[in-house]
Each structure stands twice: as C-alpha cells, then as structure tokens.
Amino acid sequence: MTGGAGFIGATLVPMLLARGYRVRVLDNLSVGSKQALAGSDVEWFVGDIRDRAVVEAAVENVHGIVHLAAPTSVIDSQLDPCMTSK
Ligand SMILES: NC(=O)c1ccc[n+]([C@@H]2O[C@H](COP(=O)([O-])OP(=O)(O)OC[C@H]3O[C@@H](n4cnc5c(N)ncnc54)[C@H](O)[C@@H]3O)[C@@H](O)[C@H]2O)c1
C-alpha cells in the first residue's frame, strides 16, 4: 500500500491484516508516521513513490496495490503545482 502511514492507511491496513492479508507499506513519511501503524505486522518501505528503484522493490511479488500516497494539502499544491505532477 502506498501512503499506508497516512489517515486512510492507518484504518485500512489493520482491516486488511485482520482479514489475513500480508501488507507492505511504501510511504515517505512526509505526512504519515510509523506510529500510525504501531504494533501492526507490516513490511515497511520508507521511500518515495517517485523513486523507481524503491517502487520496483516494494511491488516485487505483490498481488495487489492500494495507491493512497499523494500530497494531500490543497494549499501546498496551489503554492507549488509542479510538486504534485512530478
Ligand atoms: N481523507 C479523505 O477524506 C480523502 C477523500 C478523498 C480522497 N482521498 C485521497 O486518499 C489518499 C489518502 O488520503 P489520506 O487522507 O490518507 O492522506 P494522508 O496525507 O493522511 O496520507 C497520504 C500518505 O502518503 C504519504 N506520501 C505523500 N507523498 C508521498 C510520496 N511522494 N511517496 C510516498 N509516500 C507519500 C504521506 O506521508 C502520507 O502518509 C489521497 O490520495 C487523498 O487525495 C482522501
């Protein structure tokens, strides 16, 4: 799951784990925190979805991807629109 340390991920990851899924979280922790999933048995990839090598490592042998990582501050995206399109 990209962005798994964020607001939605902190709820969705435990739901998936409770259903027996194994979960990897790829998050750059720019907003989210490992603390949001404290005690959850997830495999962490701390990195950026714009980093191809990190993404390739994170998706190796996975069966599905939930993509949540995104800059979610409207103000930040208005101040720096290019940041959201890289
Ligand atoms: N929360 C809502 O009500 C809501 C509503 C509609 C859509 N969404 C969408 O759902 C997604 C998740 O929302 P959220 O509320 O959990 O946001 P959030 O900001 O809490 O979580 C986003 C996570 O993505 C991570 N992230 C940001 N940029 C990254 C990057 N380049 N590489 C790796 N990780 C990165 C952040 O560290 C954070 O943990 C977003 O795409 C958002 O636009 C959310």
On C-alpha positions alone, give me the angle between the axis of helix 9-18 and the longest principal axis of the chain, in degrees, nearest 10.
20
For Cα pairs less than 8 Å apart in space and 6+ apart in sequence, what is the mean separation divided by the residue count of segment 9-84, i.e. the relative contact order in percent?
24
Between Rg and the Kirkwood Rh of segment 1-61, both from Cα atoms, what is the Rg to Rh ratio?
0.95
Would you order D80, D51 from fewest to most other beta-carbon atoms within 10 Å of each residue's own beta-carbon?
D80, D51
T84/A38 FRET efficiency (R0 25 Å; Cβ-Cβ; nearest 0.05):
0.30
Rounded to the nearest 500, what is the chain's calculated 222 nm mean residue ellipticity when only DSSP H runs of at least 4 contribute -39500 (n - 2.57) each, over all residues?
-7500 deg cm²/dmol
Taking the beta-carbon count within 10 Å as an exposure proxy, list R19, R50, R24 from fewest neighbours to most.
R19, R50, R24
Neighbouring Cβ atoms within 10 Å as the yardstick, rank D41, D48, D76, D27 fewest first.
D41, D76, D48, D27
Magnitude of the Cβ-charge dipole of segment 17-86, K/R +1 and D/E -1, about the Cα centre, nearest 20 debye?
180
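Any read-out appearing in this document is the output of simple, stated calculations on the displayed coordinates, not a laboratory observation. What you see is a predicted model, and the numbers here were worked out from it, not measured in a lab. Methodologically, a virtual Cβ is constructed for each residue, glycine included, from the backbone with ideal geometry; neighbour enumeration extends over all protein chains shown.
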